[in-house]
Structures are given as structure tokens and as C-alpha cells.
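The values are calculated or read from the model by the stated rules, or taken from the named source; none is laboratory data. Everything quoted here is computed from the prediction, not taken from an experiment. Note that each Cβ is placed from the backbone with ideal geometry, even for glycine, and that neighbours are counted across all protein chains shown.
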Amino acid sequence: MLDTLKEHLAEVEKYTSNSLDEIEAFRIKYLGKKGLLNEFFAEFKNVPNEQKKEFGQVINQLKSLANEKVNTLKASLSENTDNQGKYGDLTRPGEPIEIGARHPISIVKNKIIDIFSRIGFNVSEGPEIEDDWHNFTALNLPEYHPARDMQDTFFIQTDPDILLRTHTSSVQVRYMEENKPPIRTISPGRVYRNEAISARSHCFFHQVEGLYVDKDVSFADLKQTLQYFTTEMFGKSKIRLRPSYFPFTEPSAEVDVYWGLETETDYRMTKGTGWLEIMGCGMVDPNVLENCGIDSKTYSGFAFGMGIDRIALLQYQIPDIRLLSENDVRFLEQFKSAF
Ligand code: PHE
């Protein structure tokens, strides 16, 4: 009997396996309810008294050895299969981390702000719900002025004096009312016009207005600033100014940048001319300076305004302006940028 036990002891000692099923069978064979160990324990009462001590010791030894064996084999098995050490599986590839995307309008806006802040322009903002004075009258557009029709305005129904601003030029007025020259500021923001919604135009869009007022500011300064901007923004330095009309600037001009005619897209975007219109500009009308409390005999200034949406469509070849406000995640996810 004692010999059988010792044989088992040797067998358990050298047992090894890397199959969970086999280890479980081994456990049941020795440690299960009807296993060998319980049989030996049942046998114990038949053992002659003088052998009981040694017999008991060997059974206990067998029991703890079998337990230990099962535990270590199972532990090494799970370590091998999932490679799970103290820190998890260090060889597993990392979880992909999704980088967020910015809205193309924000990317373009931030880029414009960055370019102008490098030459000393600060950022100013104003309300989207404006009064007649800041959106029109102070900008040299008195009541019944025909140029008011250029911008289809949304009025707040109960009060004809309150409207949704049609351009960010209203922020110019606010800024000049509160700050004295020298003034160098750009004002990005959303504007509203009562226009039919299509692939090319929307009833709301975004502008950046720029304003520079100081002593001896000239048209040459304006031109140089615009050239700096188009070079930084588009990598294109060739621009042309076409005479135009805005009530708040005199003289006024539209700015075209020479995009080129190298590719088919260039051809399509510029309608075969190579030139792209990107903004309006001009020297601030002395009346506007006076309306805002700035002495037009001492100071002069220039202003310009551009559409952010249009630039975003251009830069990213977006075919439809409505995509910018539909918030389709599949569209938005495509714009990862440092800006
Ligand atoms: N406010 C004009 C517009 O919305 C743009 C502009 C701004 C033109 C400043 C000249 C000077 O069309």
C-alpha cells in the first residue's frame, strides 16, 4: 500500500502537460470527489496503527503535491496562451487612437488669423444680431440708399432696426468706436443673407474682415498686405485689383489671385481665365471714419473682406457649399489639420 502511494508520488512529480483538458483529467483522477486521494483517505482506517503515521504523511504529501502541480500547470498554460504577464501582453499592437478633425471653416479661419497675427493684427468679434447703425448707416449706407439692396437682409420681424448682420464690416464700426488708431484688427464671423440655397450660395456663411487705420496709410500698404496674404495663404503672389464699388470704401477694388492654368481643375475653377476672385477691399471712406469718431484729416485706413467658405471650397475642392453645414461625419472626418 505504501509502495503504491510512493509510486503515485513519483508519477505526480514528473507529470506535465500543456493541455487544459488533460490537466483537468489529471486533477479529477487525484483530487476529484471519487479520485485516488479520497480512496486512500477512506483506506486509512484499515491501515495498521504502527503504519498510520507514515501513511498519513505520505497521503498529505501526495495531496499537496497534486494540488501544486495542477495550479502551476494551469498558470503556465494561461501565461503562454494569452501572454498575459503582470502588465498585459506587451507585444500586442496598440489600439488605434482616433485623431479628431476640425471643421474646414475653422481650419481656414485659423490659418487666416495666423497669417495676419504675424504682421500685428489682433482678432475682434461682434454680435451676429446687429442694429441698423453698425451694419449699414455707419458704413455710409443711409436709409433708402440703393446699395442696401446689394445685400438681401434678414430683419428681425418685430423691429426693422434689428437684423442679422450681412457682413463682418459691422465689427469694424464697433472696433473703431471703442479703439483709437493705430488699429490693426481682423474680425472673423458668421454672416447671413436672404439668398436661395444652392451648391454655390447659402443663407449663412463666414467672412473675415480686416481693418488698418493709422496716419499715412495708403493704397500701396493695402496692396502689399494683400500680396503678403495671398502668398502665405495660397502660395501665389500674383494678384490684380479690379475697380469696384463698396459704399464704405473709396476707392474700392475686387482682388483676384492668379491661380494658374496648369491643370484641368485650374481651368474649371477659374473658368478658363487663370484668375480667381477672393475678396473685396478699399480705402476706408472718410465718412465711415468720422461716423466712428476718428478724425479723417489725421487718419486714413484700408479694409478688406473675404468669404471663408469660398476659400475652403477652393482649397479642398469641395463641390457643394451645403456640405459645410450638413455635419455629415463622413465628410468632417476627412479634415485633419495642425490648425
Ligand atoms: N463687406 C464687404 C462684403 O461683404 C466686403 C468688404 C469689406 C469690401 C471691406 C471692402 C472692404 O461684400
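Does region 147-162 contain any residue that is crowded, with 20+ Cβ neighbours inside 10 Å, outside any loop (DSSP other than H, G, I, E, B) and at negative phi? Checked region 147-162: no residue is crowded, with 20+ Cβ neighbours inside 10 Å, outside any loop (DSSP other than H, G, I, E, B) and at negative phi. Could you check region 244-284 and list, in sequence order, the residues that are buried (at least 17 other Cβ atoms within 10 Å of the Cβ), closer than 18 Å to Phe302 by Cβ and of a type in the set (S, T, N, Q)? Within region 244-284, Thr249, Ser252 meet the criteria.
Just for region 257-304: of the residues that are of a type in the set (Lys, Arg) and at negative phi, which one is farthest from the ligand (Cβ to nearest atom)?
As a first pass, look at region 257-304 and keep what is of a type in the set (Lys, Arg): 268, 271, 297.
Okay, now just the ones that are also at negative phi, so 268, 297.
Details: Arg268: 24, Lys297: 21 Å.
Out of the qualifying residues, it is Arg268.
Of all the residues in region 178-195, those that are under 18 Å from Ser300 (Cβ atoms) and in contact (Cβ under 8 Å) with a residue 12 or more places away in the chain number 6.
Residues in region 264-271: is at least one hydrophobic (A, V, I, L, M, F, W, C) and within 30 Å of Leu139 (Cβ to Cβ)?
Of all residues in region 264-271, those hydrophobic (A, V, I, L, M, F, W, C) come to 269.
Next, from what is left, pick out any that are within 30 Å of Leu139 (Cβ to Cβ): none.
Within region 264-271, not a single residue is hydrophobic (A, V, I, L, M, F, W, C) and within 30 Å of Leu139 (Cβ to Cβ).
Might you let me know whether region 173-182 holds any residue that is polar (S, T, N, Q) and surrounded by 14 or more Cβ atoms within 10 Å (Cβ to Cβ)? Spell out how you get there, then give the answer.
Within region 173-182, the subset polar (S, T, N, Q) is 179.
Subset that is surrounded by 14 or more Cβ atoms within 10 Å (Cβ to Cβ): 179.
For region 173-182, residues polar (S, T, N, Q) and surrounded by 14 or more Cβ atoms within 10 Å (Cβ to Cβ): present.
Can you pull out every residue in region 285-315 that is hydroxyl-bearing (Ser, Thr, Tyr), surrounded by 15 or more Cβ atoms within 10 Å (Cβ to Cβ) and either in a helix (DSSP H, G or I) or touching a residue at least 40 places away in the same chain (Cβ under 8 Å) (or both)?
Across region 285-315, the qualifying residues are Tyr299, Ser300.
Entry remark, region 189-215: residues being away from the ligand (no atom under 12 Å from the Cβ) and surrounded by fewer than 22 Cβ atoms within 10 Å (Cβ to Cβ) number 14 in total.
Go over the candidates Leu90, Leu5, Leu31, Leu77 one by one and state the one that is at pLDDT below 85 and over 54 Å from the mean Cα position of the chain (by Cα).
Numbers: Leu90 fails: over 54 Å from the mean Cα position of the chain (by Cα); Leu31 fails: at pLDDT below 85; Leu77 fails: over 54 Å from the mean Cα position of the chain (by Cα).
Of the residues listed, the single one that is at pLDDT below 85 and over 54 Å from the mean Cα position of the chain (by Cα) is Leu5.
Restricting attention to region 153-164, does a residue exist that is within 16 Å of the ligand (Cβ to nearest atom) and either within 25 Å of Phe229 (Cβ to Cβ) or touching a Gly at 6+ places or on another chain (Cβ under 7 Å) (or both)? Scanning region 153-164, I find no residue that is within 16 Å of the ligand (Cβ to nearest atom) and either within 25 Å of Phe229 (Cβ to Cβ) or touching a Gly at 6+ places or on another chain (Cβ under 7 Å) (or both), so the answer is no. Taking region 117-139 as the range and being touching a residue at least 40 places away in the same chain (Cβ under 8 Å) and buried (at least 23 other Cβ atoms within 10 Å of the Cβ) as the test, the residues that pass are Glu130, Ala138, Leu139. Among the residues of region 199-236, just one is within 25 Å of Ile156 (Cβ to Cβ) and without any contact (Cβ under 8 Å) to a residue 60 or more places away in the chain, namely Cys203.
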